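Single-structure report; data block below.
What follows is calculated from the coordinates using simple rules that are stated; it is not laboratory data. Every value quoted in this text rests on a predicted model; they were computed, and no experiment measured them. Glycine gets a Cβ as well: all are built from the backbone with ideal geometry, and neighbour counts include every protein chain shown.
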Amino acid sequence: MDAQVIVIGAGQAGLSAAYHLIRFGFRPYDEVVVLDRNAEPGGAWQHRWDSLTMHDVHGIANLPGAGVPESAGDERANEFVPRYYADYESRFELPVVRPVTVGSVHEVDGRFELTTDRGMYRAEAIVNATGTWNRPFVPWYPGIETFRGRQLHTADYNGAGEFAGQHVLVVGGGASAVQLLAEISEIATTTWVTRRPPEWRTDGEFGPELGRKVVAKVEERVRAGLPPRSVVSVTGLQLREQERAAAERGVYTRLPMFERITPDGVVWADGRTEHVDAILWATGFRADLGHLAPLQLREPSGGIRMDGTRTVRDARIHLVGYGPSASTIGGNRAGYTAARELRDLLRAEAA
């Protein structure tokens, strides 16, 4: 199948890009197509754990042209957000084809060929919106392969109930670690380890000023071709009301990283040992960009040099939901920017 622009991924950023491309005159299916690996709408939200409610999330930005429905707060995020996305796709008749998994992208005779599990697609330009959910990151530590207990990443987490009566080691200094420690500690004992001491915010909610600071820091890195860092490295952590009881119980007493893993626990550099039944790696995700590897976009530093949403090495390739646009608000803005720039670029080439 041929199209002028193919959008890879139908999460917030991908849907935003498709919406704006159509508004700018690209015909659905004939000139713009969205390929989504998921069988159902909802992007990564449909895969999040059941205990994550709308009260827990940091807010969902409105998709362009249709606001987020009102929420009571106790709805499961993995149902509420996918339902919103599904309604959005239907309302604006977005050209989403699913499930389609893109295996690789090559440039052939000045066009892009996308090899997928449903045949070959060809395009003049690409908007990549694959996010991070399919690339959970687990760091390697000596002995990790010898551990006889259970190891899982937050991407595999199904709820605290599976840890009842166990001792759980939670690794990671992000917001998900803070939330899951609160849940698990109600029915199990826990130990929390992080690479760096956590920095707690005490000056109120995450606001526009801090948001701009986050975007500026991440944008500075991707402009230099460096891999983007986590949001928490800029914002710090903040206890929400539902986590204060856990704090009072001493759940957030943090230990430094262990030195190695043993068959039944972990060992620190000073010789301290601890038996654990399970290790929960709340260690984040990496950008899911392996299918773009044949295009050789990465710099020696490991990142992809960006100018806005456009890759510096090829103006026909835009990454949305990457780096400074890896948030729901940022994804919306990136979708608009990518659509506008590709409209102008493809019109100029056709003139």
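Summary of computed values
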quantity: Normalised per residue, the volume of the convex hull around the Cα set of region 121-197 (Å³); calculated: 169 Å³
quantity: Neighbour-count ranking [beta-carbon atoms within 10 angstrom, fewest first] of TYR85, TYR322, TYR121; calculated: TYR121, TYR85, TYR322
quantity: Cα shape, region 46-119, gyration tensor, a/c 1.5 rule; calculated: prolate
quantity: Debye log10 I(q)/I(0) at q = 0.07, 0.08, 0.10 Å⁻¹ for the chain, Cα point scatterers; calculated: -0.33, -0.43, -0.66
quantity: Region 29-170: radius of gyration and largest Cα-Cα distance (Dmax), Å; calculated: 19.2, 60
quantity: GLU107-GLU199 FRET efficiency (beta carbon distance; Förster radius 56 Å; 0.05 resolution); calculated: 0.80
quantity: Karplus-derived 3J(HN,Hα), 6.51/-1.76/1.60, for each residue of region 3-8, Hz, glycine and proline x; calculated: 8, 6, 10, 10, 9, 9
quantity: Stokes-Einstein D (µm²/s) once Rh is taken as the Kirkwood radius of region 79-147 over alpha-carbon pairs, at 37 °C in 0.692 mPa s; calculated: 208 µm²/s
quantity: P(r) tail fraction, region 239-330 - alpha-carbon pairs more than 19 Å apart, %; calculated: 64 percent
quantity: Contour minus Cα-Cα distance for ASP2 and ALA72 (0.36 nm per residue); calculated: 20.9 nm
quantity: Computed lengthening from MET257 to PHE24, 0.36 nm per intervening residue step minus Cα-Cα distance; calculated: 78.8 nm
quantity: Two-site FRET efficiency, GLU248 against GLU162, from Cβ-Cβ distance with R₀ of 35 Å, rounded to 0.05; calculated: 0.90
